[in-house]
Amino acid sequence: MEITKYSKVYRIIHWTIAISFLLLLITIFLRLTWMNKYNVAAIIQDYMNSANQTLSEEQIIALAKKIRQPMWNWHVYIGYVLVGLFSIRFILPAFGFMKIQNPFDKNLSAKVKFQKWTYLVFYFFVIVSLVTGLMIVLGPKEFKKTMEEIHVLGIYYLITFIAIHLAGILIAEFKDQKGIISRIISGTKDIE
């Protein structure tokens, strides 16, 4: 049984990416639930009715969007952070830090090949999400709607990857890689 060891650089990148994804998920969750523009508009409408004031539906939706804007700004800022983190993640192997996932190695078991393919597919979808996110914010307006439609699909791969990742970690912890959780936190015996 080969014990995986994680360098300090690896752990820093891993955890900053993980926290960034968690924060992105929170902004997505809030925008789809409590902070949905229609929910916020309904709260505004209730208040306006209780105060005997009126606004058109368009005005109320515009106000709801303004209330939600700071949350959207955080989503964008975290997206920029992820662009930087993944750029670093993909550059580090050139300097001998971290490794590129290679599922084509003939000496790998089926399990390890599956793990490596999972990461490559995840990286592909992350790149698609980051590029479409950048296009939404910085790109030409004629592509915005198409980029948004693609970008929104990111929630599905992200939640799927997190579930597979956590399940794999728990299986490894309780089967053949005892201590993997503590190693990704503390980095026992840094080498890589």
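Results, tabulated for the structure shown:
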read-out	value
Residue ranges of helices (runs of 4 or more DSSP H) in segment 30-141 with at least 2 members touching a Pro at 6+ places or on another chain (Cβ under 9 Å)	110-138
Filter result (of a type in the set (G, A, S) and closer than 18 Å to I19 by Cα) within segment 134-166	G154, A163
Test: V121 is surrounded by 11 or more Cβ atoms within 10 Å (Cβ to Cβ) and touching a residue at least 60 places away in the same chain (Cβ under 8 Å)	no
Boolean, R11 is within 30 Å of I169 (Cβ to Cβ), buried (at least 16 other Cβ atoms within 10 Å of the Cβ) and basic (K, R)	yes
The listed residue being touching a His at 6+ places or on another chain (Cβ under 6 Å) and among the hydroxyl-bearing types (S, T, Y), out of T132, T160, T118	T132
Unique match (being in contact with a helix residue (DSSP H, G or I) (Cβ under 7 Å, 6 or more places away or on another chain) and not β-branched (V, I, T)) among F90, F125	F125
Residues of segment 142-192 that turn out to be of a type outside the set (A, V, I, L, M, F, W, C), part of a helix (DSSP H, G or I) and either farther than 27 Å from L92 by Cβ or touching a strand residue (DSSP E or B) at 6+ places or on another chain (Cβ under 8 Å) (or both), as a count	7
Any hit, segment 93-114, residues being at positive phi and among the polar types (S, T, N, Q)	no
Among the residues listed as L108, L138, L92, the single one being at pLDDT 90 or above and of a type outside the set (V, I, T)	L138
Total residues in segment 40-74, condition exposed (fewer than 13 other Cβ atoms within 10 Å of the Cβ) and more than 22 Å from G133 (Cα to Cα)	11
Test result for G79, within 30 Å of A42 (Cα to Cα), surrounded by 14 or more Cβ atoms within 10 Å (Cβ to Cβ) and at pLDDT 90 or above	yes
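The values are calculated or read from the model by the stated rules, or taken from the named source; none is laboratory data. No experiment lies behind these values; they were computed from the predicted model shown. No Cβ is skipped: glycine too gets one built from the backbone with ideal geometry, and neighbour counts run over all protein chains shown.
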